[in-house]
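This report concerns only the one structure given below.
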Amino acid sequence: MLLCLKFFSITFASIHEITGVEDIYYVHNLFFNILFLLAGLSGLVLSARLFFRSRKSTALSYLTIFVLAISMAILELVLYWSADWQYDPVVPLYRLLFFLWAPSVYLFFKKKLHPETYLITTRALLVHYSLFFLCFVSVWYVQSSALQDKAPIYVFFDFVANRVWFKAVVLLVYFILMCSDYLKMNNRLSSYHKKYIVALFVYYLNLIGLLVARAVLDHEPWFVYVSSYAFAVLFALFILFTGLVAFFDEKVLMETFYNPDKERRARKTTDANAIAIGMKGGFDPGFHDIAFLKDRSSQKYKNSGLTESMVSQLKSNLLKLLEEDKVYFESDITLDKLAHLLNTDRYSASQVINQEFGKSFYELLNDYRVEEVKRLLAGTMFNESVIQVAYSVGFSNRVSFNKAFKKRTGKTPTEYMIDARKELGT
């Protein structure tokens, strides 16, 4: 804000000294600089907001990096264009900030598509952001040394940081990766979010197109100047668009891109096909369908960082929590809380449940809850209402309890209780 006020004071002072029509170009330049300055500062505010919201959605942390990078690029361009600031670094910062663009957009997109299964490790982050760190550290360190003209590492990273074709290729590679993921998940994506994804792709393609044009006309000084303004406009538009989305329709950014209903329908179709195949082959689908699901989960997590011994240990700890500590009695138990009790992350806990039990987190909990209800309903000293029993073992409402119970027993709780007591002769 202080920088903004300082810039305004210098701007108005400069305009006040203008006396002729020949200076109208200078007035226009100052006007656009003010607009871009406001866009850059707005981007900094927006990135701060996204950062604080990223506690509820990890994907937003990568969108934060992108918004912060383009905001700083705009502010540096304003310094370049302003005649009142003597800003002329050896290596412009925005050339290095470029290497934050593609990885950040890709990781944001990937995490929104696969919030549960895509685990971004420290190693993965280092790989995606390696070019930025290598260019930043090497270029700025070597520039400050006395042997800068003789350092081969500077020559290499200066080449990387200043070649527009190389940057266009980097953007294109990440775009292909995003398109590949989009096509794989297309049938399971929410139609509500598809519009945002298309807008993101169109914007990304504009960046690629502008970089390619910049590379082709790199020898033309006039286009180099025009393209820098074009980039500033694209950056400002993205900041404005993201700011409006965050203010008026934040769930676009907070929710996952895929449609859970479509995901469940797809899984049911796959599972039904597996059962049908099993029945044709003459085996019991009740057992072999679970085996099939476990095998499918094993294939899904084959590239996971968990070893067999780690999976075995987590499974043992999980069974202890379920059978001895009875954590399913807590109606507000979540996958995050369970992962905390297992001293692991959410992704690893989900992997163990899917891979070792062939079930989802809530299906596994309800299995144990229903077994506990069955034991209580069959007791000869049972005097409580059925719904009180359901609440006591962790169910949060009557509908979910009845549905889960009948799914696992084929009977209503009352029918089961009557039949159980008949068998006991009471």
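The values are calculated or read from the model by the stated rules, or taken from the named source; none is laboratory data. Since this is a predicted model, take the numbers as computed values, not measurements. For neighbour counting, all protein chains shown are included, and Cβ atoms are generated from backbone atoms with ideal geometry for every residue, glycine included.
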*Restricting attention to helices (runs of 4 or more DSSP H) lying wholly within segment 344-417, give those where 3 or more residues are among the acidic types (Asp, Glu).*
361-377
*Which residues, taken from segment 71-87, are touching a residue at least 12 places away in the same chain (Cβ under 8 Å) and more than 17 Å from Phe32 (Cα to Cα)?*
none
*Residue satisfying condition, being at pLDDT below 85 and either in contact with a Phe, Trp or Tyr (Cβ under 7 Å, 6 or more places away or on another chain) or at negative phi (or both), within set Asn397, Asn366*: Asn397
*Those residues of segment 167-180 which are under 22 Å from Phe235 (Cα atoms) and either aliphatic (A, V, I, L, M) or touching a strand residue (DSSP E or B) at 6+ places or on another chain (Cβ under 6 Å) (or both), in sequence order*: Ala168, Val169, Val170, Leu171, Leu172, Val173, Ile176, Met178
*For segment 190-214, which residues satisfy the criterion of being aliphatic (A, V, I, L, M), in contact (Cβ under 8 Å) with a residue 40 or more places away in the chain and surrounded by 16 or more Cβ atoms within 10 Å (Cβ to Cβ)?*
Ile197, Leu200, Leu207, Ile208, Leu211, Val212
*Looking for whichever is in contact (Cβ under 8 Å) with a residue 40 or more places away in the chain, buried (at least 20 other Cβ atoms within 10 Å of the Cβ) and within 30 Å of Tyr118 (Cβ to Cβ) here; the options are Val373, Val352. Which one fits?*
Val352
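Conditions tested, residue by residue: (1) hydroxyl-bearing (Ser, Thr, Tyr); (2) farther than 17 Å from Leu234 by Cβ.
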site	(1), (2)
Tyr182	yes, yes
Asn186	no, yes
Lys195	no, yes
Tyr204	yes, no
Leu211	no, no
Arg214	no, no
*asked:* Pairs needed: first member in segment 238-258, under 15 Å from Phe51 (Cβ atoms); second member anywhere, loosely packed, with under 14 Cβ neighbours inside 10 Å and at pLDDT below 80; C-beta distance under 8 Å; at least 6 residues apart or different chains.
replied: Met254/Lys56
*Quick one: in segment 220-249, which of the residues that are among the small types (Gly, Ala, Ser) and at pLDDT 90 or above is farthest from Ala39 (Cα to Cα)?*
Ala230
*Residue count, segment 161-183 (criterion: more than 30 Å from Val137 (Cβ to Cβ) and within 17 Å of the chain's Cα centre (by Cα))*: 4
*Take segment 78-123 and flag every residue that is at pLDDT below 80, of a type in the set (A, V, I, L, M, F, W, C) and closer than 24 Å to Thr242 by Cα.*
Leu93, Ile120
*Do you know which of the residues in segment 56-74 that are surrounded by fewer than 21 Cβ atoms within 10 Å (Cβ to Cβ) and either of a type in the set (D, E, K, R) or in a helix (DSSP H, G or I) (or both) is farthest from the chain's Cα centre (by Cα)?*
Met72
*asked:* Of everything in segment 328-367, what is in contact with a Leu (Cβ under 6 Å, 6 or more places away or on another chain) and of a type in the set (D, E, K, R)? Give them in sequence order.
replied: Arg346
*Taking the condition modelled with pLDDT under 90 and either aliphatic (A, V, I, L, M) or under 30 Å from Arg346 (Cα atoms) (or both), does Ile153 pass?*
yes
